Every structure is written in C-alpha cells, then in structure tokens.
Amino acid sequence: MSEQATTGLRRFGARALPHAFILPPIAYLCLFMFWPLARQMWMSLTDAKLATPNEGQFVGLANYARLVETPAFYASLKVTLVYATSAVVLGVTLGVISAFAINRPFRGRAVVRAVLLFGWAVPNVAAALIWLWMFNERSGVLNQILTGVGLSRLRWLTSIDWAMPSILMVTIWQVAPFVMLVVLAALQSVPDEVREAARVDGADPLNVFRAVTWPHILPAVQLAGLLVAVWSIRRFDIIYLLTGGGPLGSTSTLVVRIRQTAFEAHELGMASAYGAVGLVLALLIAAIHQLVDRRRARWMADR
Amino acid sequence: MMLTRRSLVSAFAFAGLTSTVPAAYAQAQKAPVTLVIANSQWLDALRGKNLWAALVKYQQVAPHVTLKQEAIPSADFNDKITTALGAGQGPDIAIMQEGLFYSIADAGFLVEVEKAVEGVKLNGTNDKGIVKGKRFGIAWQRAVYALIYNNKLLEAAGAAVPTDIDGLIAAAKAVQSKSGAIGFSSRHQMADFSGWFMDFQNWAFGYGVNWVDGAGKLTLNTPEAVAAVAAFKKVYDAGVIPVGDDMPTQRMRFKQRQVGFSIDNSGGTLNIASGGPLSSTDLRATPLPFKNPGAHQQIFIGISRHSKNQAEAAAFLTWLAGPDGQQALREASGPDALATDLPVTESFRATNPWADVFAELAVNSRSTLIPGYEIKTAPIMRLVMEALEKVIVAGANPKTALDEAQKQALARF
Amino acid sequence: MNHLSKLPRFLLLGILAVLAGLPVYWMATTALSDESQLYMNRQVPWPQIGNLGSLLSAIAAVPAGRWMVNSLIIATGTTVVSLLLGSLAGYALSRFRFQGRGFIGFLLFMTQVVPEALILVPLYAMFITLGLLNDLAGLALANAAFSLPVATFIIKGAVDTIPHEIEESALIDNCPRFGILTMIVLPLIAPSLAAAAVIAFFAGWNEYLFASTFLMDRGLWPASVGLASFIGQYETPLSVVMGTALLFSLPAITFFLIIQRRIVAGLTSGAVKG
C-alpha cells in the first residue's frame, strides 16, 4: 500500500480509536438503560396503566399538571432533599475518617477492614430485617441499651421525629464503607515518594496532608459524595422495608411515591412523571457538582 | 328392540365406535403438559406444603399433567403478576387476593371459566368472581375476621370476653397488667399498609361504613367512618397495642403466649394456633366487638389468557371445584371457607375450637373492596389510612382528617 | 496516614468497628437464640452456640447453597461486564479528546439516578424480546447497566492521576492503544480496579427488584430473593432469617478480601517506585 494511504489509514484509525473504545459501553447502555428510560419517559406523557403499559392515551403534560397540584409531591421532594443532603454529609465524613484510620498497616488490619465493610456487604433485605429488630420498641437492642443507661425508650421508626434519623442511621451504615473504599483506593495510590519528599523538606504532618494528600484524594471524595447523593435519590428497599414511607410520609422520598403510584395505584404514566422530576433533580446536583469541580480545578491550578 | 341381525351389527358398530373414542381421546390427551401455578402461599411455612400436596393429587387423575409451582413472596406478588401479565407472560394459573384478581380480570387477562365449573354447586364466596358479567375465577379460600384471644391469659386476668370496644380495652388492660403480656395485637403502621387497610375494614364495616353512597359516589367522611377512626384511636391511646411491631412479629408473640387479644383472619389464626407454644385449644374466637358484621379476605383462582394450556388448566379447575379437589383442599385449608359448602373436618374442629366462630361469621362478612371502585380500592384506602395515621400519630381530629381525605378522593377519583 | 499517632487511631478504629459491626454481631446473636427468648424480651446478648445445630438444620431445609451459587453467578457477571466496558470507557474519557465527551460523561452520570422501578416495565418487555427472561445472565446484564458507569468514573479518576509520560514511551514504540490499556495502565490502577470490582460485585450480589421480577424458577433464585421469601405473610422466623442473612453476607466480604490482598500485594512489591 502507498505511504500516503497507510498514513491516511493510520490517521483515520487514530481518529476512530476513541470511538472504538467508547462505542461498546455506550451501545450497551443504550440498550439496557437509555432505551427503557426513554420509553418510560414517553409513558409520562400518557395515561398508561401498569397492566396495560403500551395502551396509554397521549395526554401531554396532564400528569405533570396533576403532579404540581399534589401536596404529597412537594412533601416527597423535601424529604428526598433532606435525606440526600444528610446522607452525603454524614456518610462522606464517616467514610473519609474510616479510610484514614485504616490506611496504615497493622496487625489484624484485614479483619478490621472486613468489619468496616459489613454495612455495604450485607444484602438489603437482611439489613432491613436486623435493623427492624434492633429498632423494635419492646425487644430491640437499641432501646435496651437506652433503658440500660437510664434513658427512656425511643419510638425509632414510628415517631415523626425519629423515623428519618433512624433511616439515616441505616443508610450511613451502608454507605460509609463505600466512601471508605473509594477514598482508600485513592489514599493508597498517593505516591509515597512525594509524601516522603515533603516530610524530608521539613513539613509537619498537617501540612503534608493539606499539600499532598488532600488534593490527591479530593477527586475521590467528590466522586463518592456525588454518588452517595444521587443514590440517595434512588434508594428504595431500605426505606420501604423499614417504614413504608411513614409515619405521616416523613420518610416518603420520590422513589417511594413512584412505587406507590406505579404498583399500588397502577398509574404508570403518573409514576413516570415523578421519575422525570427525580431526573431533573439529579441534573441539578450534577450542575452543582460541575461548578464545585471547576472551582476545585481553579484552586488546584492556583497552588 | 328386537335382536335382528341389523341391530346387532349396528350395536357392535356403535360399541366399536364408542370404544375407540375414549381410546382416541386418551391418545390425544397423552401429550405431556406442564401447568405453572403461582401463589404466595407456597412459601407459607406450615400451610404451603399441605396446600401443594393437595393440588398435586390432580396428577394422579391426569397423569400427563405436571403441576409446577411459581412461588412469589407475598409482598411482591401483586407487582410481579401484574407486570408479567401486562407483558404477555405469567403463569398458567394464578391464585390471588381479591384486589389483584379484580384488576387483572378487569384488564382482560383472565379466561372465562363458567364452562369449567358447570354443574358445580358454587356457594356465595364465588359471587365476586364475576367481573363485568363474566365469571373469571372461582373462590380458592375465604378467610373471615374475628376477635381471637388467649383463653388462659383471659382467665388469669379475670376478664370478660368483650363484646364492644370499651370491653375490649378493659379486658386488654386487665391482661396487660396481670401478666405483662401485650393486651391487643393489631396492625397500626403505614409500613404494613397492604394488610392494614384490609384489617381496618373490619372497624369500618363494624361501624356501618359504606365507602360509597347509594348513588355510587365516594363518601369517606361519613359519621360512621369518623366513629370507626375514633374507636381505633381510643384503642391506640389505651396503650394496649405494641407500637412498632409489624403483624408477623405480633403473631409470633401471640404464638409465644405473649398476646391477649387480636383481630385476625382465619389464615392468620391458623398460623398462630400451630407450631408454637400456644396450644390450639387455648386459642378462642368470638365475634368482632362491633355492631355490624366485619370483613373477609378472599382469594380467587383464575386462568391466564396468555396460557398456552388453557384447556388443561380448565380441566384442572373442574377437578378443583369437584368433590375430590374440594376435599383435598379442605384438609389443607383449615378453617377457611371454600368455593363449595364443604364443612370443616371434624378432626380439625376438635383440636381447634375457635374454628366454629369463624364459620358462623363467614355468612355475613363483607369484601374489603369498595363496590364500584374495586380496582381503585388500594389508593383510596391509602387516603383513609393516611388520615387515620394523622389521627393516631399526630392527634388530628378524626372529622377533619377524613374531610381532607374525602377532598383528595373526589379530586383524584 | 501518619498525622495520627497510634492510640487515638486505635480508639477511633475501635469505635468505628463497633458501630459497623454491631448489627452483624446482633444478627449472629439473634440467629442463635430461641424464638421464645426473642419474643418474650429475653434476648441473650451473646451468641448461644448451643443453638447452632438447630440453626444449621433449619438453613439446610432451604436450598441456601443453590441460592448462593446463583448470587455468585449474577455478581460475577455484573463485575466482569462492568470492568470490561468500564475500563474501555474510563480510559477513553480520560485520555482521548473527542466530540461528545462531556455529553457521554453526563449520560453516564444520569444512569445513577434512575431508580430500578422506573425502567422495570420497559426492561421487562425488552427482556422478553431478547429472550433474557428467567435467565441469570440477563440479570447480570441489567445490573451492569447500573454498575458500569460507576466503574467508569472510578477508572477514569484513576487514569487521570497517571502521568502521560508512562504511556508516551509505549506510544512512540507504536504499541497499540488497547495494549497500552491492558498491559500498562490497568496494572497501575489496580486498587481502583479492585474498588470498582467490589462495588459491582456487591451491587450484583444484593440486587433484589430485577431478580424477583425477571426470574420464574425457584431454582434460579439468588440469595436476596431467597431471603425475602422467608418474610412470610404470616410469620418471619427471625432466627433462621438472621442465620441465612449472615451466611449470605460472607461471600461478598470474602471476595473483597481476596481481591484486595492479591492486587495490593502485587502493587507494593515494587512496581511504581522510581
């Protein structure tokens, strides 16, 4: 083949290469995620029922109009935001602390690390059942501990004050290990030489942390925080199994309402409308993340 | 007829013909068929095995048929069956609670079964199996509600068998203070919604509530409804309900002789009476402490329109409704009412004295579905139960809470 | 981290371990209790080994082994698909500048917000067409759709921190990109790969909704569905459930331990220095 043709081919190959890499994952996701999602979003413009998902009549934005007039919708929006924010702040904090605590080798570290992972490893159903039992007012261990130290019993899952905190407790127990995992991976790839160099230069541990470690793990912390936030919007099993969205809707997030609308009232179109709102919410979070990310990049560049 | 040669020949011909017809029929029937039967009861610890063993007897009658279980946890049953049928899949035969039965019959997913049960003396439990004028299912079991109690605890506390709400509170309190056991077991949380609204129908019906008026309009805030909500609140405030326990936990406690009273259906009662320290003779039943008859949970059995073996499924249904099937089912169903009037077995009654009360109450009990709004019963009752929750958890006024529910109901339905 | 001296660190670890481990410890305690103790508020706060025999026979009464094998198949499939496609996507997003890069990143992010319930019905219909219903492979594929983006982000983040120089020498030697990815880059980001693998594995192991909806045969049930089947309409035999739940949590943790030790050991034995 001629010299020109081969370079031409190579250049085409070079241009096509990114697409060759990215095409399989994207094609896969289109099939298993985006296409079903698009269909479901289409359903939000119809009055499709669960039993007859394909026979809905087009109703335009009627579902959304009804949504905006439903007080339960706003309540669930508020609950979702409170839940997501709290889960991120508390979960990421605890996860980062855990990562730092476990980073240095010591005897029995593998065991401790495994224990810290439990919340993430335990299947949702099992987690719900054991926490339900621990939260039980008469026979649960948490109330037994409380009465043991002289405090009064708490209505963990049945009072408006404590239902959400209880759910958050379980969520953080499940989510902090994930944050720990992600941050730990980043911590362990902090190049030792850089840290050594900084220390040799006389920097004290706090400054080493600030100058070397923190910037290195910040992307991981950010990623973990972002994922925890959006997963909170998505989380269903634990909330539903523990409180069913009660009491008085104090733990009814968007997804709980989606489930009730789709599978109890069989209104698939309406449930999709709820889902669309959830997606918009995620967009907002993504936008905020972008902003923070850009600020971070600028901060990094300034150093 | 004269035994002429001709008649002899025709007689032989006829005999020959009729003898080949069953043989040909049998030949055609030999093709092996599998029928998938979906039910959440297959997973019930004690009952599931017995019920399945009862059904499997059909395989002896029809050896070419293999019955296969599709076991789905009860919490997911509605969702899964609806999704599957909506997509053209699903089992051949489904055993489902009334609410689900109605919605899929209404959506046209079931096959008419009138011919399959021709000539069977069906009783009143099958009435609601007729949807839009056609019979889409027959009764599998009907579990009526009653007030059950632990007789030993009652006697130890010196309390009287209650006949009204105040009596119930007094007796429950007496049991609680005397033995430390729980006074009254009842669902009371939204987490238990799907069971709670059915349980609550007993209170509603007991106070004479009809969720619709004569003209078919929804009336959630009638004085009777307010009275029912107020009565539940009264019991809740009396401190006799184990707040926070779900119903399975409460039933386990009852089994451990830790509960005085409960309002439960015959299925739940059967579960309580078996497999635990509570002896089935110590468990007693009495009519509900309300003026009017209460409710029942009804399960129907129907054939899916998507089934590839509708004829075989219909044949199975014929057997089930016939004397052999009903007898087999009766032995496994304890005190529940069946599609035909087959009385509870003597041996069962002997060890379970509470069964008779349930049989009496089954005569007048009402369906938990709202007439005219059968498919919408769950979301409508969600409004009612949310109102009730407001009343018991936040101390709202029953009338105001129900008025709010009524407003939302009229807007949505 | 060396800015924390030993004692406070161990104290902190102790508290964290107690918080993280209490529920699991309580699972063990509950699993080894008598039903009567549980429901009469007399639960013994330590595991009573004497009940181990009856617990094991109760667990043996259900096909727990079969369930765990199914979970293993699903979880492994999820992990493999997520890592394979995630490596491709993560590397591409990190190293290549191409059109639509930001958009693709955005798309990947959006997948993380979608509740499973929202795509259940259309996915079910599609699975019928593809013949993936009642199939463990189908579940792995459905789960991977959610784990793949996470793996992508983690891998992208890790590749971002690798200096370009390492690849450049290979590029100059005309090594194909794909080879660079598999032979140079992936080994360097091993801890992140391990993290992504664990996340995908756990997601696949614990998933419930798709498993319960898409599977018909009881013999195909994974652990999550098997466990849920214990929650009867009438009763939940708490001690057996807890015992089975503990059993089901173990393989996931074991997987993590195996992965972590192997790959981290490989890493610290000399690769990145200098």
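The values are calculated or read from the model by the stated rules, or taken from the named source; none is laboratory data. The model shown is predicted, which means the values in this text are computed figures rather than measured ones. Glycine gets a Cβ as well: all are built from the backbone with ideal geometry, and neighbour counts include every protein chain shown.
Couple of notes before you dig in:
- Residues located in segment A:103-121, provided they are without any contact (Cβ under 8 Å) to a residue 12 or more places away in the chain and at the interface with chain C (Cβ under 7 Å from one of its Cβ atoms): A:Arg104, A:Ala110, A:Val112, A:Ala114, A:Val115
- Unique match (being in a helix (DSSP H, G or I), within 14 Å of chain A (Cβ to nearest Cβ) and at pLDDT below 90) among B:Ala15, B:Ala11, B:Ala26, B:Ala75: B:Ala75
- Filtered residues of segment A:33-88 (kept if free of Cβ contacts under 8 Å to residues at least 40 places away in the same chain, over 28 Å from A:Gly246 (Cβ atoms) and either within 20 Å of the chain's Cα centre (by Cα) or more than 14 Å from chain C (Cβ to nearest Cβ) (or both)): A:Met33, A:Phe34, A:Leu37, A:Gln57, A:Phe58, A:Gly60, A:Leu61, A:Ala62
- For segment C:218-257, the set of residues classified as modelled with pLDDT of 90 or more and either part of a loop (DSSP other than H, G, I, E, B) or outside the structural domain of C:Phe127 (by TED's automatic domain parsing) (or both) consists of C:Trp221, C:Pro222, listed by residue number.
This table checks each residue for (1) outside the structural domain of B:Gly214 (by TED's automatic domain parsing); (2) in contact (Cβ under 8 Å) with a residue 12 or more places away in the chain.
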{"site": "B:Trp354", "(1), (2)": "yes, yes"}
{"site": "B:Phe358", "(1), (2)": "yes, yes"}
{"site": "B:Ala378", "(1), (2)": "no, yes"}
{"site": "B:Val384", "(1), (2)": "no, yes"}
{"site": "B:Glu389", "(1), (2)": "no, yes"}
{"site": "B:Ala396", "(1), (2)": "no, no"}
{"site": "B:Lys407", "(1), (2)": "no, no"}
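- Some residue of segment A:69-91 being of a type in the set (Lys, Arg) and modelled with pLDDT under 90: no
- A:Ala110 more than 15 Å from A:Tyr274 (Cβ to Cβ) and at pLDDT below 85: yes
- Any hit, segment C:86-105, residues being assigned by TED's automatic domain parsing to the domain that holds C:Thr152, farther than 14 Å from A:Phe32 by Cβ and touching a Phe, Trp or Tyr at 6+ places or on another chain (Cβ under 6 Å): yes
- In segment A:20-30, the qualifying residues are those that are more than 7 Å from chain C (Cβ to nearest Cβ) and more than 23 Å from the chain's Cα centre (by Cα), and the one that is nearest to C:Phe146 (Cα to Cα) is A:Ala27.
- Selection within segment C:163-187 - within 27 Å of the chain's Cα centre (by Cα) and either at pLDDT 85 or above or more than 9 Å from chain A (Cβ to nearest Cβ) (or both): C:Thr182, C:Met183, C:Ile184, C:Val185, C:Leu186, C:Pro187
To keep it simple, each residue is scored yes or no on (1) facing another protein chain (nearest Cβ under 10 Å); (2) touching a residue at least 24 places away in the same chain (Cβ under 8 Å); (3) out of contact with any helix residue (DSSP H, G or I) (no Cβ under 8 Å at 6 or more places or on another chain).
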| position | (1), (2), (3) |
| --- | --- |
| A:Trp231 | yes, yes, no |
| A:Asp237 | yes, yes, no |
| A:Ser252 | yes, yes, no |
| A:Thr261 | yes, no, no |
| A:His289 | yes, yes, no |
| A:Met300 | no, yes, no |
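- Taking each residue of segment A:143-155 that is free of Cβ contacts under 8 Å to residues at least 60 places away in the same chain and looking for partners that are surrounded by 10 or more Cβ atoms within 10 Å (Cβ to Cβ) and hydroxyl-bearing (Ser, Thr, Tyr) with beta-carbon atoms closer than 8 Å, six or more apart or interchain, yields A:Arg153/A:Thr147.
- Here A:Thr158 fulfils each of the conditions (1) surrounded by 22 or more Cβ atoms within 10 Å (Cβ to Cβ); (2) of a type outside the set (A, V, I, L, M, F, W, C); (3) more than 8 Å from every other protein chain (Cβ to nearest Cβ) apart from (3).
- Top-ranked residue in segment B:169-192 [being farther than 23 Å from B:Val384 by Cβ and among the aliphatic types (A, V, I, L, M); ranked as surrounded by the most Cβ atoms within 10 Å (Cβ to Cβ)]: B:Ala172
- Within segment B:388-396, not a single residue is away from every other protein chain (no Cβ under 14 Å) and under 30 Å from B:Asn150 (Cβ atoms).
- Criterion applied to C:Ala158, C:Ala170, C:Ala117, C:Ala137 was being assigned to a helix (DSSP H, G or I), touching a residue at least 40 places away in the same chain (Cβ under 8 Å), aliphatic (A, V, I, L, M) and surrounded by fewer than 19 Cβ atoms within 10 Å (Cβ to Cβ), and the one residue passing it is C:Ala137.
- Subset of segment B:333-355 [surrounded by 15 or more Cβ atoms within 10 Å (Cβ to Cβ), more than 21 Å from B:Val120 (Cα to Cα) and among the charged types (D, E, K, R)]: B:Arg349
- Residue count for segment B:273-295 under the criterion of being out of contact with any helix residue (DSSP H, G or I) (no Cβ under 8 Å at 6 or more places or on another chain) and surrounded by 19 or more Cβ atoms within 10 Å (Cβ to Cβ): the result is 1.
- Considering (1) part of a loop (DSSP other than H, G, I, E, B); (2) without any contact (Cβ under 8 Å) to a residue 40 or more places away in the chain, the lone condition that B:Leu220 does not fulfil carries the number (2).
- Unmet requirement for C:Ala151, which otherwise passes all of (1) in a loop (DSSP other than H, G, I, E, B); (2) within 20 Å of the chain's Cα centre (by Cα); (3) among the aliphatic types (A, V, I, L, M): (1)
- Put simply, of B:Gly90, B:Gly99, B:Gly124 the only residue that is touching a strand residue (DSSP E or B) at 6+ places or on another chain (Cβ under 6 Å) and either crowded, with 23+ Cβ neighbours inside 10 Å or at pLDDT below 95 (or both) is B:Gly90.
- Qualifying residue in segment B:356-375 (condition: within 11 Å of chain A (Cβ to nearest Cβ), surrounded by fewer than 16 Cβ atoms within 10 Å (Cβ to Cβ) and either of a type outside the set (Lys, Arg) or closer than 30 Å to B:Thr281 by Cβ (or both)): no
- Any chance C:Ser57 is of a type in the set (Gly, Ala, Ser), free of Cβ contacts under 8 Å to residues at least 24 places away in the same chain and more than 8 Å from chain A (Cβ to nearest Cβ): yes
- C:Phe210 being in contact with a helix residue (DSSP H, G or I) (Cβ under 8 Å, 6 or more places away or on another chain) and either within 9 Å of chain A (Cβ to nearest Cβ) or of a type in the set (Gly, Ala, Ser) (or both): no
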